[in-house]
Every structure is written in structure tokens, then in C-alpha cells.
Amino acid sequence: MLRDFLDFFLRLNSPRMFIGLDTKTIDRHIQELNEHRWFSKIYEDANYRKLFFTNVHVRRYLESKRRVSKLINNPYAREKFIIFLEKQRKR
């Protein structure tokens, strides 16, 4: 419990690049999104699946609970996310 509080406090008060990404949260968000058909189709494609595990920008996007909720509830946000994934794939 104390460790979680300390981690939370450090995330609030430190530059993001020194803390790193919260892998557990990202993996949980991927699992949550994978329950939806539109995401599972993307996830099945090997080109995109690789991004979910290797691309820092995609992982940082998926770290945000607010963004993941938006993806689940907002079709326009999904379209923008797919465009974002395509741009990251082409890099």
C-alpha cells in the first residue's frame, strides 16, 4: 500500500521520462479493450499487435484510463486511434 502511494506521488511530481510506463496498467487496458470486437480485430493483426508491446507512443496512449474509456465509448475516438496506429506502424 505504501509502495503504491509512493509510486503515485512520484508519478505526479516527476517528469514522465524518468518514471517509465506502468506495464501492468497497460496490459490491463489491452485486456479490457480486447473484449470489444473492433479492438480484437486490430489486435489479431500481427503488424498492429507488435505496436502494443514495442511502441512507446502507443503504450503511453494505452496507459491512460481516460483515453481507454474514450476508446470504449466513443466511435470517433476509435477512428482517431486507428489512424494513430497506422501512423505509428509506418514509422
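Observations on the structure shown:
- Some residue of region 79-86 being within 21 Å of Thr23 (Cα to Cα) and open to solvent by less than 20 Å² (accessible area, probe 1.4 Å): yes
- Long-range neighbours under 8 Å by Cβ, at least six apart or interchain, first residue free of Cβ contacts under 8 Å to residues at least 12 places away in the same chain within region 28-45, second assigned to a helix (DSSP H, G or I): Asn34/Ser40; Asn34/Tyr43
- Flag if Arg66 is open to solvent by 90 Å² or more (accessible area, probe 1.4 Å), over 20 Å from Thr25 (Cα atoms) and not acidic (Asp, Glu): no
- Some residue of region 23-34 being modelled with pLDDT of 95 or more, over 12 Å from Gln88 (Cβ atoms), not in a helix (DSSP H, G or I) and not small (Gly, Ala, Ser): yes
- Residues (farther than 21 Å from Arg91 by Cα and open to solvent by less than 50 Å² (accessible area, probe 1.4 Å)) located in region 40-57: Ser40
- Among residues of region 48-73 that are outside any helix (DSSP H, G or I), those with a Cβ under 8 angstrom from a residue that is open to solvent by less than 30 Å² (accessible area, probe 1.4 Å), sequence gap 6+ or separate chain, pair up as Asn55/Gln88.
The values are calculated or read from the model by the stated rules, or taken from the named source; none is laboratory data. Owing to the predicted nature of the structure, the values given are computational and were not obtained by experimental measurement. So basically every Cβ, Gly included, is an ideal-geometry build from the backbone, and we count neighbours across all protein chains shown. All accessible areas refer to the heavy atoms of the entire protein, side chains included, with ligands and DNA or RNA removed. Shrake-Rupley method; radii C 1.70, N 1.55, O 1.52, S 1.80 Å.
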